[in-house]
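Some notes on the structure that comes next.
The values are calculated or read from the model by the stated rules, or taken from the named source; none is laboratory data. Please read all numbers here as calculations on a predicted model, not as lab measurements. Virtual Cβ from ideal backbone geometry, glycine too; neighbours counted across all protein chains shown. Protein only, heavy atoms only, side chains kept; ligands, DNA and RNA dropped before computing areas. Shrake-Rupley method; radii C 1.70, N 1.55, O 1.52, S 1.80 Å.
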Amino acid sequence: MSYTVGESVSGTVSGVTDYGAFVKLGDGSTGMIHISKLSRDFVSDIHSVIKKGDSVTATVISLDNNKIALSLIGDSFNKRDQGFSPRRQSVQKTDFESMLSSFKSASDERLSHIPREKRKRR
């Protein structure tokens, strides 16, 4: 069976590695879901998201030399990857800037307790 990009496919997880999960599709072919395509959130432990034997419905995001790349996130994520949603990227930038600002504040607070003479200069 041939697949097309954007098509929804069902299968069973046949293996999980540190970088993604392999899915056995209905026609016997195998597709892979990269760890970055499992969730919109950061995935630190892939085994907390997906396990061998799980049934999944994924979207085909690319086909290259009989390799099928899949995603559990959906079409909106794929469009954002291709640059169709600059609004979403600016939201992420703002979130990063606020995290950086809070980190800098916390760091400055910790450093304020160390006498200036004892701080190493690089």
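Yes/no per residue for (1) under 27 Å from Thr4 (Cβ atoms); (2) modelled with pLDDT under 90; (3) open to solvent by 80 Å² or more (accessible area, probe 1.4 Å); (4) part of a loop (DSSP other than H, G, I, E, B):
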position: Arg40; (1), (2), (3), (4): yes, yes, yes, yes
position: Phe77; (1), (2), (3), (4): yes, yes, no, no
position: Val91; (1), (2), (3), (4): no, yes, no, no
position: Asp95; (1), (2), (3), (4): no, yes, yes, no
position: Ser98; (1), (2), (3), (4): no, yes, no, no
position: Ser101; (1), (2), (3), (4): no, yes, no, no
position: Asp108; (1), (2), (3), (4): no, yes, no, no
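Residues in the range 11-34 that are surrounded by fewer than 19 Cβ atoms within 10 Å (Cβ to Cβ), touching a strand residue (DSSP E or B) at 6+ places or on another chain (Cβ under 6 Å) and β-branched (Val, Ile, Thr) were compared, and the one that is farthest from Ile73 (Cα to Cα) is Thr30.
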